[in-house]
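The values are calculated or read from the model by the stated rules, or taken from the named source; none is laboratory data. Computed from a predicted model, the values in this text were never measured in an experiment. Methodologically, a virtual Cβ is constructed for each residue, glycine included, from the backbone with ideal geometry; neighbour enumeration extends over all protein chains shown. Surface accessibility is based on the protein's heavy atoms, side chains included, excluding ligands, DNA and RNA. Shrake-Rupley method; radii C 1.70, N 1.55, O 1.52, S 1.80 Å.
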Amino acid sequence: MTGTKSPLLALPGAVPAEGADEGVAAHYGNIFREQRDLAAGHGFVDLSHRGVVTVSGGDRLTWLHLLLTQHVSALPPQQAADALILSPNGHVEHALYLVDDGATTWIHVEPGTREALLAYLRSMVFFYRVEITDATAEYAVVHLPAGSTADAGGAAAVRELAHGRDLFVPRGDLEKLTAGYGPAAGVWAYEALRIEGHRPRLGFETDHRTIPHEVDWLATAVHLQKGCYRGQETVARVHNLGRPPRRLVFLHLDGTEESLPPHGTEVRVAGQDRPVGFVTSSARHHELGPIALALVKRNTPTDAVLLAGTVPGTQDVIVPQ
């Protein structure tokens, strides 16, 4: 977290988020309207609790290329990329969301992970011409949904994505700039659409032993034709064998239950006692009703009804068996 509360918590109806998203609004009074606005391309989401790191210098992309799972040595200006940093054994340690503007690489990361990332990056500089800056106090992240026509001209950098745009905006201009972005939506709405889109989140869909294959990060954050990064041997071996230990699934939950299963809730096959996994994220969706992501054992039958705690749910396959 940034350690400070967003000034946008002063907007009418703002209810503060808790846990990992503390510091920004969970919602502004109507979570389904906020979801519908975002799905229709209206409004914005305050993600100013995320960490912002910049890397400048003539060697920045070559140097990052050696550390990341993504191919970034020739990353064109303004092209967004997602990337991971792995442990020597191939477990996910950091998730980075970046864009290069031709002179500086802009990165945003999960709340609470910035300090560890900075320490690792700074330990790997050696003789490379790079300058690593913690820019969190100066810049904040704001998300505009796909289809938004809001003017992003005040942003220092923009990540263009299939599901919208991530803007790096001057933190001191946060209130002024977002006033022109349309209605505010909280992180609960953002999370519901993230879960619908099967997009994994570090610390939610991951634990200390997660490898990229399990949560479908091979599709977005790993370049399988590059080598020379920490953990690459595990990535190549599991990809070639096709047997990640676990797989991410999307769950359509029974809508008659009053409460959502929280992160960490055990998942079992209906009629069996032994857990096969756990819920990673859950939300109430404006169209689909209660939904969740869960990490289950690879051999869990894809047609089995699963119980998230006591809540039945049917699976959509994300990572094939």
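Assorted remarks:
- Residues that are surrounded by 20 or more Cβ atoms within 10 Å (Cβ to Cβ), under 21 Å from GLN79 (Cα atoms) and of a type in the set (A, V, I, L, M, F, W, C) within the range 99-131 comprise VAL99, TRP106, ILE107, VAL109, VAL130, listed in sequence order.
- If you filter the range 218-232 down to residues that are of a type in the set (S, T, N, Q) and not in a helix (DSSP H, G or I), you find that the one that is surrounded by the fewest Cβ atoms within 10 Å (Cβ to Cβ) is GLN225.
- Residue within the range 14-36 that is touching a strand residue (DSSP E or B) at 6+ places or on another chain (Cβ under 9 Å) and modelled with pLDDT under 95 present: no
- Flag for LEU167 being farther than 26 Å from LEU75 by Cβ, modelled with pLDDT of 95 or more and surrounded by 18 or more Cβ atoms within 10 Å (Cβ to Cβ): no
- Top-ranked residue of the range 175-191 - restricted to ones that are part of a loop (DSSP other than H, G, I, E, B) and not hydrophobic (A, V, I, L, M, F, W, C), ranked as nearest to the chain's Cα centre (by Cα): GLY186
- The single residue among VAL235, VAL269, VAL279, VAL215 that is among the β-branched types (Val, Ile, Thr), farther than 28 Å from ASP46 by Cα and either in contact with an Asp or Glu (Cβ under 9 Å, 6 or more places away or on another chain) or surrounded by fewer than 22 Cβ atoms within 10 Å (Cβ to Cβ) (or both) turns out to be VAL269.
- When ASN89 is tested against the conditions (1) closer than 24 Å to VAL169 by Cβ; (2) outside any strand (DSSP E or B), the lone failure is (1).
- Taking every residue in the range 183-199 that is open to solvent by 40 Å² or more (accessible area, probe 1.4 Å) and pairing it with any residue that is of a type in the set (Gly, Ala, Ser), at least 6 positions away or on another chain, the pairs with Cβ-Cβ distances below 8 Å are PRO183/GLY43; TRP188/ALA17; TRP188/ALA26; TRP188/ALA283.
- Complete set of residues in the range 123-143 that are in contact with a Gly (Cβ under 7 Å, 6 or more places away or on another chain), more than 17 Å from ALA156 (Cα to Cα) and assigned to a loop (DSSP other than H, G, I, E, B): ARG129, VAL130
- Check on VAL72, closer than 30 Å to GLU233 by Cα and modelled with pLDDT of 95 or more: yes
- Of everything listed in (1) under 21 Å from ASN299 (Cβ atoms); (2) of a type in the set (D, E, K, R); (3) free of Cβ contacts under 8 Å to residues at least 60 places away in the same chain; (4) assigned to a loop (DSSP other than H, G, I, E, B), the single unmet condition for ARG268 is (4).
- Where ALA95 falls short, out of the listed (1) open to solvent by 10 Å² or more (accessible area, probe 1.4 Å); (2) small (Gly, Ala, Ser); (3) not in a loop (DSSP other than H, G, I, E, B): (1)
- Selection count, the range 41-79, where residues are in a loop (DSSP other than H, G, I, E, B) and either of a type in the set (S, T, N, Q) or over 21 Å from the mean Cα position of the chain (by Cα) (or both): 12
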